[in-house]
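*Asks:* Below is the structure I would like to discuss, written out as C-alpha cells.
The values are calculated or read from the model by the stated rules, or taken from the named source; none is laboratory data. Quick caveat, the model's predicted, so the values are computed rather than measured. Cβ: placed from backbone, ideal geometry, glycine included. Neighbour counts: every protein chain shown.
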Amino acid sequence: MCPHSDAAEQERFRELDPSDRILGRLDELEALFRRRLLDDRAKIEFVAELKERSELDDRVIQSRLLRPLANRLVGIVDRIYSWDGEPDPLAMSAGEEIMDVLEEFGVETIDISGRVDPTVHRVVKQLPSDSPRGTILSVQRNGITLDGRVIRVADVVVSVGDRDVEGGE
C-alpha cells in the first residue's frame, strides 16, 4: 500500500522510476525515524524530570514528616524501655513493634557496641571501668539514623579506663 493519500500524488508516485520510488520511500522513512528519535528523547527527558521531582518529593516527605515522626516514636520507645518498674510485656512488645515498623521506613538504631564515635554518639557520662578508655559501657538514649543519615545521636556512658589508674575503687 502506498503511503500517499492524495490520488494525484499516488499516480505521480507510480510513474517514477523504481529506484526513485525507493529513494523517496527511504527519505520518508528517514524523516519518520528522526521524528521518532526526537519524540523518544523528549519522553526520556520527561521521565528523568519526573524521577527528579519524585526524589525531591521523597526528601521533602522525609524531612517534614518521617524525621519528626521517627523522633517522636523513638522517644516513646525510650520511655517504654527506661521504665524503672516491673517490665510490662505488652509495652515491651509494642516498643519492639514500633521499632520494626520504623525499620521498614529506613530508620535504624545506632550501634552502641565498641568504642565511642563522635559522629553518632554523644558522651553524657564517663566512668572508671575495666574496659579500655572510650569503650561504650551503656546507652542512656538510643540514637537513630534515617536512610543512613543521623537524625539523633546516641547518648552514651563511656569508660575512662582502668579503675585503679583513674582513682576509682
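*Asks:* Residues of region 97-151 being assigned to a strand (DSSP E or B) and in contact with a Leu (Cβ under 7 Å, 6 or more places away or on another chain), which ones?
*Replies:* Going through region 97-151, the residues assigned to a strand (DSSP E or B) turn out to be 107-109, 115, 121-127, 135-141, 144-146, 149-151.
The answer is 107, 127, 137, 146.
The rows are residues; the columns are (1) within 23 Å of residue 108 (Cα to Cα); (2) surrounded by 10 or more Cβ atoms within 10 Å (Cβ to Cβ); (3) of a type outside the set (S, T, N, Q).
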site	(1), (2), (3)
20	no, yes, yes
25	no, yes, yes
30	no, yes, yes
37	no, yes, yes
42	no, yes, yes
51	no, yes, yes
62	yes, yes, no
66	yes, yes, yes
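*Asks:* Let me ask another. Among the residues of region 138-153, count how many are among the aliphatic types (A, V, I, L, M) and more than 18 Å from residue 113 (Cβ to Cβ). Even if it seems obvious, please write down each step before you answer.
*Replies:* The first filter runs over region 138-153 and keeps only residues among the aliphatic types (A, V, I, L, M), leaving 139, 144, 146, 150-151, 153.
Next cut, more than 18 Å from residue 113 (Cβ to Cβ) only: 146, 151.
Residues in region 138-153 being among the aliphatic types (A, V, I, L, M) and more than 18 Å from residue 113 (Cβ to Cβ): 2 in total.
*Asks:* Within the bounds of region 135-151, is there any residue that is in contact with a Gly (Cβ under 6 Å, 6 or more places away or on another chain) and at pLDDT below 95? It would help to see each step written out before you state the result.
*Replies:* Let us first name the residues in region 135-151 that are in contact with a Gly (Cβ under 6 Å, 6 or more places away or on another chain), namely 146-147.
Adding the requirement that they be at pLDDT below 95 leaves 146-147.
Within region 135-151, one or more residues are in contact with a Gly (Cβ under 6 Å, 6 or more places away or on another chain) and at pLDDT below 95.
*Asks:* For region 9-34, what are the residues that are more than 60 Å from the chain's Cα centre (by Cα) and at pLDDT 75 or above?
*Replies:* Result: 17, 18.
*Asks:* May I pose another question? Just checking, which of 119, 109 is at pLDDT 90 or above, surrounded by fewer than 12 Cβ atoms within 10 Å (Cβ to Cβ) and in contact with a strand residue (DSSP E or B) (Cβ under 8 Å, 6 or more places away or on another chain)?
*Replies:* Working: 109 fails: surrounded by fewer than 12 Cβ atoms within 10 Å (Cβ to Cβ).
None of the other options fit; the residue is 119.
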